[in-house]
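> Below is a structure I'd like to ask you about.
Bear in mind these aren't lab numbers, they're just calculated from the coordinates by the rules spelled out. The structure presented is a predicted model; accordingly, all values stated were derived computationally and were not measured. No Cβ is skipped: glycine too gets one built from the backbone with ideal geometry, and neighbour counts run over all protein chains shown.
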Amino acid sequence: MRLFLNNRKVIMTVCVSLSVVCLTLCLTACTSSKKDVALNGSFVYTKLSLSPDRLINNDNCIFVSDGKKETKYTLEEYEYVFSVNDYFSGDFCCECLTKDSEEIYIVLFKDGTVEEKIPIPETVDGRKIRGNTKFFAFEDEIFFIDYSCLYRIDRKTKEAELIDSGLMQNFETVSAKSDGTVAYIKDKPNSEDWFLCTYKNGEINEIRGAYSVYGWLDDNKLLITNALDELKVLNVSENKTEEPALAFENIDSNLFYSKDEKYFAFYVWDEDSEDKETYLRIADTEDLTEYKTYNSDKLFGKNPPNYMVFLEKDYTLTLDNS
């Protein structure tokens, strides 16, 4: 049994560490009155709760919102649901902690129901798995970040392997696309520099100096901040950058892709507002123009989720306990 799982206080610390960056969003979110908004799809996410002394997640619940109605689903088998992440061959996946055995699983959802649950190993290549932040699931494999390491799990054998280490431990530092390519930011050995890498089918490619990676705009272009912390669109095959579309101004999150691949969403700051208000912007994937922008509190309340998945309209879940 893992050492950190034997100590509930440490478990909550892991949960807090996953959520701490969201605190800034929580403190700056809008306080205007809520009203229904029309989204071109549904968002799936977990919530944060403020206790007197810490920021924690909302136990074993996940939420689905289409902007007009928010539906709460309880995963009875688990004690905590830490995050909602991308599943390119299904709906989404969650990182869940069981109640009794205190084991952590990646729970995969497809067609509105639980498809499979895969255990996260205690150690990989001699490294103890301590706490996870980001997952990307595919038909045959799953990638996850544990602190500064990138791991891969074979879905058939359930075996895990270390892919790379030295990754930057911020939110906008890893992204994936549907063909299984993972892009990430890692440190350059013996320097204070960071650079962009891609991984696919066992091959790691170092691309160029970069500070953030927000997501793929198409099969070849990535939205990044370069080594000078300037927002750019990178043509990966040519290793050339161009200026981003105006819709990405003040971006402050990874891109959340819709399953129909027509839209993606992301958080932005209103730099001109006194309280630096937070908004969720939806953009068209074809021409990269702004579709709509919403005050985040009208969609999610005062604690906007940092990890979520953008699904089709009228998405519902069917659980054993429903």
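> What is the Cα centroid distance between segment 108-143 and segment 236-258, reported in whole angstrom?
Here the answer is 27 Å between Cα centres.
> While we're looking at this one, here's another question. Could you give the dipole magnitude of segment 207-308 about its Cα centre, charging the beta-carbon of Lys and Arg +1 and that of Asp and Glu -1, in debye to the nearest 20?
420 debye
> Something else about it: As a test of understanding, state the convex hull volume per residue of segment 81-227 from its alpha carbons, in Å³.
Output value, Cα hull per residue: 116 Å³.
> Rg(Cα) of segment 94-162 divided by 2.2 N^0.38 Å?
Ratio of Cα Rg to 2.2 N^0.38 Å: 1.06.
> Could you give the radius of gyration (one decimal) and Dmax (whole number) of the Cα atoms in segment 170-322, in Å?
16.6, 54
> Going down the table (177/232; 110/232; 177/240), which pairs top 27 Å between alpha carbons?
110/232
> If you take every residue apart from residue 197 with its C-beta less than 12 Å away from the C-beta of residue 197, what net charge results, scoring Lys and Arg +1 and Asp and Glu -1?
Net charge around residue 197: 0.
> Additional query: Determine, from the Cβ-Cβ distance of residue 127 and residue 287 and an R0 of 45 Å, the FRET efficiency 1/(1 + (r/R0)^6), rounded to the nearest 0.05.
0.55
> Can I ask one more? FRET efficiency for residue 116 and residue 204, Cβ-Cβ distance as r, R0 = 30 Å, nearest 0.05?
According to the calculation, E is roughly 0.60.
> So what are the three principal axis dimensions of segment 130-213 from its Cα atoms, in whole Å, longest to shortest?
So the extents along the principal axes, rounded to whole Å, are 39, 28, 20.
> Label-point separation (nm) for residue 157 and residue 169, each offset 7 Å from Cα along Cα-to-Cβ?
With each label placed 7 Å out from Cα toward Cβ, I get 3.0 nm.
> What are the residues whose amide H is under 5 Å from the amide H of residue 120, where those residues sit 5 or more places off or on another chain and H is modelled from the backbone?
Amide H neighbours of residue 120: 104, 105, 106.
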